[in-house]
1. Could you check the spin-label model distance between Asp315 and Ala361? Points 7 Å from the Cα along Cα→Cβ, value in nm.
2. Calculate, for the chain, the solvent-accessible area per residue in square angstrom, rolling a 1.4 angstrom probe over the heavy atoms of the protein chains.
3. Of Ala25, Phe207, Leu66, which is farthest along the charge dipole of the chain in the positive direction, counting Lys and Arg as +1 and Asp and Glu as -1 at C-beta?
4. Got a sec? What order do Val58, Val307 fall in by accessible area at 1.4 Å, biggest, i.e. largest, first?
5. Dipole size in debye (nearest 20) for the chain around its Cα centre, Lys and Arg Cβ +1, Asp and Glu Cβ -1?
6. Taking the Cα centre of region 266-373 as the origin, how large is its charge dipole in debye, to the nearest 20, when only Lys and Arg (+1) and Asp and Glu (-1) carry charge on their Cβ atoms?
7. Taking a 26 Å limit on the Cα-Cα distance, which of the listed pairs Lys174/Lys305; Lys250/Lys305; Lys262/Lys372 fall beyond it?
8. Under a 1.4 angstrom probe, counting protein chains only, how are Glu391, Glu333 ranked by accessible area, largest first?
Amino acid sequence: MRTKSYDIITVGGGLAGLALAKAMAEHGASVLVLESQTRFRDRVRGELMWPWGTAELVELGIYDLLMDAGGHRVPWLDVYRGPKRMVHRDLVNTTTPGLPSTTFYHPQMQEALSEAARAAGAEVRLGARVRGIRQDTTPVVVADIEGREVEVKARLVVGADGRTSSARKWGGFKVQRDPDQIMIAGLLFDDLPVPDDAAHIFPYSKFGLSVLFFPQGHGRVRAYFCYPAERGYRLTGKADIGRFIEESLKTGVPAEYYAKAKAAGPLATFSGAHTWVDHPYRCGVALIGDAAASADPAHGQGLSKTVRDVRVLRDQLLAHEDWDDAGHAYAEEHDRYYGINHTMESWASQMLFETGPEADARRGKAIPKWPKDPTRLLEPFYSGPDQVLDEAARRRFFGEE
Ligand SMILES: Cc1cc2nc3c(=O)[nH]c(=O)nc-3n(C[C@H](O)[C@H](O)[C@H](O)COP(=O)(O)OP(=O)(O)OC[C@H]3O[C@@H](n4cnc5c(N)ncnc54)[C@H](O)[C@@H]3O)c2cc1C
């Protein structure tokens, strides 16, 4: 590869890097995506976007593309108490975006977006591992590409390298992290007969457990099991699949769901602790997606925030001649909406995952009110971070009014 200069280099070709590459290449920017994986495979990542994420996909012009690549509409939200469904919420008719949730198989989404980014004129390099970013008059990315170390300049480097981002360190950002509270284990199943028009949540808060089923259509379902970090184990690999199912059943999930289900991907476990950077732009390096802030996967907000990051950064880059100004404007806006997400998730985790008599009393007061009025379930989860999240919303969620 000739050493040359680009308008934008993205470190990482996940949803963040690829969606930004497509969006900016369409506007005439020269874009290089450097992705370390040699092919897209299942790494156990998010696959359900709530209605506000679907709205961001539409805004970015990639909704139809993802639906054509096997995307699936999920218009309902079902929340259970044991095996009994207590909330059946019509997301299309009760949320501000007026849209369903969207699910997809993550590697298929990456495949479709990388093709679209290339078609828009971006260069997408797989098997290209970034080793560092150095500051010259513009930032310079150092990467191993086809067995050679190369240096490539860019007007803007975008760290889109996910929840364990190194771009944060290379860019000189300070990373913050919440303490570990819950762990989330994820596994893809085929032939799991849960109704495929709803996202299903089985909280069993007494023990801080929860099971999530996010159907992708045709019996394919991404299942997650969330449990307190203090239990001290991680479920990984084939040997732990039996235990994953066994533990999941403790939340009240009907056993028949697993009776004929077949594991169709790896089993992996992650901490739900938020990691984030305040003001994710400095000196020609912007962070987007999980590199900027990774939310708690148990609340399923990460993909939606990622496409919001892409849209906001795109809009600021198109609106400013000076991309340093654009980077700062993006970072300010990011702090605002991520701040809402962080607060909301801390309330929800307190409600769902804390254990002990005080937590049980808190739930006893709040949860019985949810079936009659599902909007008590913190609206920004479904309608996005432009919804009001204030003391009144907190009190309604905790059943204090
Ligand atoms: C278990 C789990 C469940 C989740 N469930 C949901 C959900 O249901 N809904 C939801 O909205 N969100 C969910 N999320 C969050 C969601 O997956 C992320 O928010 C989203 O994938 C972030 O996209 P990204 O592109 O920023 O990062 P990633 O998807 O992690 O992509 C980063 C890319 O960068 C590449 N990379 C890393 N380092 C380098 C390097 N040095 N050089 C080159 N390439 C590099 C990686 O290979 C990867 O392809 C979940 C996350 C987890 C862990």
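1. Placing both labels 7 Å along Cα→Cβ, they lie 4.5 nm apart.
2. Using a 1.4 Å probe on heavy atoms only, each residue of the chain averages 40 Å².
3. Phe207
4. On the way: Val58 80, Val307 0 Å².
So the residues, ranked largest to smallest area, are Val58, Val307.
5. 1060 debye
6. 660 debye
7. Values: Lys174/Lys305 20 Å; Lys250/Lys305 31 Å; Lys262/Lys372 36 Å.
Too far apart for the 26 Å limit: Lys250/Lys305; Lys262/Lys372.
8. Descending order: Glu391, Glu333.
The values are calculated or read from the model by the stated rules, or taken from the named source; none is laboratory data. Just so it is clear, the structure is predicted and the values come from calculations on it, not from any experiment. Neighbour counts are summed over all protein chains in view; Cβ atoms, including those assigned to glycine, are modelled from backbone coordinates with ideal geometry. Accessible surface areas use protein heavy atoms only, side chains included; no ligands, DNA or RNA. Shrake-Rupley method; radii C 1.70, N 1.55, O 1.52, S 1.80 Å.
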